[in-house]
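Please read the structure below before turning to the comments.
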Amino acid sequence: MNFNSLVLKIASRCNLNCSYCFMYNLGDTTYKKQPKFMSSKIVDAVLEKTKRYIQRYKKKEFSFTFHGGEPLLASKEFYTTFMHKFKKLQEELKEVSFFFDIQTNGVLIDEEWIDLFKEFNISPGISVDGTPKAHDMFRVDHKGKGSYAEVFKGVSLLKKEMNYASIACVINTKEKPQEIYDSFKKMKVDHVNFLIPDYTHDNFPFDNSKTEIADWLVELFDIWIDDTERFKIPIFIGLINNFLRLGKESLNESTVLVIETNGEIEAIDSLKACGHGFTKTGLNIANNELEDIENTSLGKLYFNDFNTKLCTQCRECPLKEVCKGGRLVHRYSREKGFNNPSVYCRDLVTFIAHVQNYFIKCFPEMHAKENVEPIDVNEIIEYLKTIDIGVSKEKELESFSVENKVL
Ligand code: SF4
Ligand code: SF4
């Protein structure tokens with residue numbers, strides 16, 4: 001088993017009601033059956049099963065992400081108790097390095113929360129959509145009021161007390177990259193994880209013949225690379241490392257497991273965009289081992305096939321080592337399961353080409369030494385069009401399809 005990270009859904013409700021939220025507003029309504037907060041019985045099961053998993057697979061590192069809904073809706077006592085229970089686990093697994101982070105909407109952050117993060121070495125990440133206008137368009141409370149002002153306060157406090165602010169931002173192409181960039185500079189953030197919106201082939205809202213996301217990312221990249229005091233942007237750093245042979249990071253997500261508030265073991269949240277109940281496996285941490293997910297159809301696909309089984313077009317694509325077919329959710333269609341190129345294929349070619357060509361221009365010696373060629377976007381797109389993706393054998397299609405359990 002290759003996962004080494006658990007996302008714990010500590011709270012199943014949220015104090016915000018963002019219009020694009022995959023938990024509440026993208027068709028999956030299973031949260032309504034969840035308890036509001038994770039119980040101590042489930043916490044005990046999580047720690048016990050994690051211990052067994054680490055011992056069985058001899059893991060050296062393991063990370064927990066506190067998530068929700070909004071994880072700060074749970075009490076501070078919840079986290080204090082969790083971390084005290086965790087200490088016993090750490091004593092039994094002294095050689096293992098553990099990491100903790102928490103993904104919050106930032107509205108409730110105050111000095112007491114920051115003291116708790118510091119005490120237990122928990123790294124906070126805050127979701128912000130760039131400018132006040134962009135943020136308040138989507139990230140609203142249950143009365144429709146924008147949350148930017150409160151979040152700005154939370155980020156400033158983090159910066160002051162922890163000297164580090166890490167942000168997750170869903171790309172909104174309606175907003176200008178320069179304005180979004182300037183807004184994050186004003187916030188003095190250190191790290192912004194720009195996220196390509198989660199759509200499948202069934203609900204893709206962009207014009208397929210255009211490259212709206214790539215054009216936006218290219219503009220942002222050019223602003224970022226020219227700024228000598230730039231903050232970190234993982235989507236750019238991953239690609240640069242790849243070209244400079246500094247690491248194996250790519251545009252793909254890492255493999256993680258999710259533990260729902262009631263203990264259900266699931267695959268990543270982004271797959272909720274595939275439909276109601278899609279991430280359900282029928283497993284629960286109270287009765288199952290973590291690795292049991294390997295025997296479910298969804299788990300098999302996610303943990304075994306994700307990087308190895310690509311559709312015909314991706315397998316023939318000259319950019320497949322960098323792109324790896326894009327993210328799993330972006331490949332999905334009701335008709336063919338995950339046996340598709342990314343719905344953002346044209347964007348990925350355009351964006352990867354821009355970054356690679358930039359670096360070849362800056363480091364011509366790399367071009368010669370590493371045999372890295374400039375990319376002609378039109379040439380690749382025309383070549384990809386010649387690959388017939390409809391000829392996949394039935395057997396191959398079968399291996400990509402996932403039983404869509406509607407619970
Ligand atoms: S803050 Fe997160 S969980 Fe809450 S509504 Fe917004 S996207 Fe959903
Ligand atoms: S660029 Fe398109 S065809 Fe190539 S690997 Fe990525 S999604 Fe597949």
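Values quoted throughout were computed directly from the atomic coordinates according to the rules given, and no laboratory measurement underlies them. Owing to the predicted nature of the structure, the values given are computational and were not obtained by experimental measurement. Every residue, glycine among them, receives a Cβ derived from its backbone with ideal geometry; neighbour counts consider all protein chains shown.
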Q. What is the number of the single condition among (1) over 23 Å from N121 (Cβ atoms); (2) touching a residue at least 24 places away in the same chain (Cβ under 8 Å); (3) touching a strand residue (DSSP E or B) at 6+ places or on another chain (Cβ under 7 Å) that I167 does not meet?
A. (1)
Q) Can you list the helices (runs of 4 or more DSSP H) found entirely within the range 177-246 that contain at least 2 residues being in contact with a helix residue (DSSP H, G or I) (Cβ under 8 Å, 6 or more places away or on another chain) and in contact (Cβ under 8 Å) with a residue 60 or more places away in the chain? A) 212-226, 234-243
Q: Give the number of residues within the range 322-334 that are hydroxyl-bearing (S, T, Y) and either within 16 Å of ligand 1 (Cβ to nearest atom) or without any contact (Cβ under 8 Å) to a residue 24 or more places away in the chain (or both).
A: 0
(Q) Any residue at all in the range 346-368 that's within 16 Å of ligand 2 (Cβ to nearest atom), in contact with an Asp or Glu (Cβ under 9 Å, 6 or more places away or on another chain) and farther than 27 Å from T173 by Cβ? (A) no
**Q.** In the range 311-320, residue farthest from D202 (Cα to Cα) [restricted to those that are in contact (Cβ under 8 Å) with a residue 24 or more places away in the chain and outside any loop (DSSP other than H, G, I, E, B)]
**A.** E316
Q. Would you say K59 is in a loop (DSSP other than H, G, I, E, B) and either exposed (fewer than 15 other Cβ atoms within 10 Å of the Cβ) or within 16 Å of ligand 1 (Cβ to nearest atom) (or both)?
A. no
(Q) Can you tell me how many residues within the range 97-120 are aliphatic (A, V, I, L, M), out of contact with any strand residue (DSSP E or B) (no Cβ under 6 Å at 6 or more places or on another chain) and closer than 28 Å to K58 by Cα? (A) 0
Q: Six or more apart or on different chains, Cβ under 7 Å: which pairs go from a residue in the range 335-357 that's farther than 18 Å from S297 by Cα to one that's of a type in the set (G, A, S) and in a helix (DSSP H, G or I)? Could you list them?
A: D347/A214; T350/A214; F351/A214
Q: Identify all residues within the range 78-99 that are in a helix (DSSP H, G or I) and of a type outside the set (S, T, Y); write none if there are none.
A: F78, F82, M83, H84, K85, F86, K87, K88, L89, Q90, E91, E92
(Q) Going through D227, D222, D202 one at a time, which residue ends up being more than 24 Å from I122 (Cα to Cα), surrounded by fewer than 15 Cβ atoms within 10 Å (Cβ to Cβ) and touching a strand residue (DSSP E or B) at 6+ places or on another chain (Cβ under 8 Å)? (A) D202
Q.
Give all pairs with beta carbons closer than 8 Å in which a residue from the range 3-24 that is farther than 21 Å from F138 by Cα meets a residue that is in a strand (DSSP E or B) and within 10 Å of ligand 1 (Cβ to nearest atom); count only pairs at least 6 apart in sequence or on separate chains.
A. V7/H67; L8/H67; K9/H67; I10/H67
**Q.** Selection status of T65, within 16 Å of ligand 1 (Cβ to nearest atom), buried (at least 19 other Cβ atoms within 10 Å of the Cβ) and either among the hydroxyl-bearing types (S, T, Y) or on the phi > 0 side of the Ramachandran plot (or both)
**A.** yes
